[in-house]
Amino acid sequence: MTVDEARDRAELLADDGSFDDALALLAEARTGAGRAGALALRIDEGAVLARAGRLDEALAVLEIAEASAVGLPLLGAEARVMRGSVLGALGRFDEALPLLRRAVSELEKLDAPELLADAKAELRSFGNLTSPKHAGTWASLLRRD
């Protein structure tokens, strides 16, 4: 199975709520992947963990992925977008916003329009939620079951 096939299959599994299966698939695919492929799969692992509500684990995985992305600018930016998203979900906007701004700046120089659009959307949503007009909105959303 190629890295792209593994990423697609893991996303489908996560969509069905089969988070453990998705994580197992990503781990298995990572063993045979090269550096860039393994890093992409690691970023997806962080995304699956976040979707499963395991935000602290997701953050730890994404921090490692970001640190491992030296020389791989697109994957580094992707890791920063995901990490910024998780930080925002944890209510840590003071850390999320600069990270997302950096990712947007990097992505504007790369050919990744979909990821750039995602990064800008995250930045806008967190920027809106941290404005005085929306104070407390994000915190109330986090308290919901």
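Nothing in this text is a laboratory measurement; each read-out follows from the coordinates by a stated rule. What you see is a predicted model; the values in this text were computed from it and never measured. As a convention, Cβ positions derive from the backbone with ideal geometry for all residues, glycine included, and neighbour counts pool all protein chains shown.
Miscellaneous remarks
- The range 3-142: relative contact order as a whole-number percent, Cα under 8 Å and 6+ apart: 15
- Per-residue Cβ neighbour rank within 10 angstrom, fewest leading, K109, K120: K109, K120
- Helix axis angle, 35-51 relative to the chain longest principal axis, alpha carbon, degrees: 50
- Helix axis angle, 73-89 relative to the chain longest principal axis, alpha carbon, degrees: 50
- Nearest 10 degrees, 0 to 90: helix 3-15 Cα axis against the chain principal axis: 50
- Computed label-point distance, nm, for sites R102 and D4 using a 7 Å Cα→Cβ extension: 3.0
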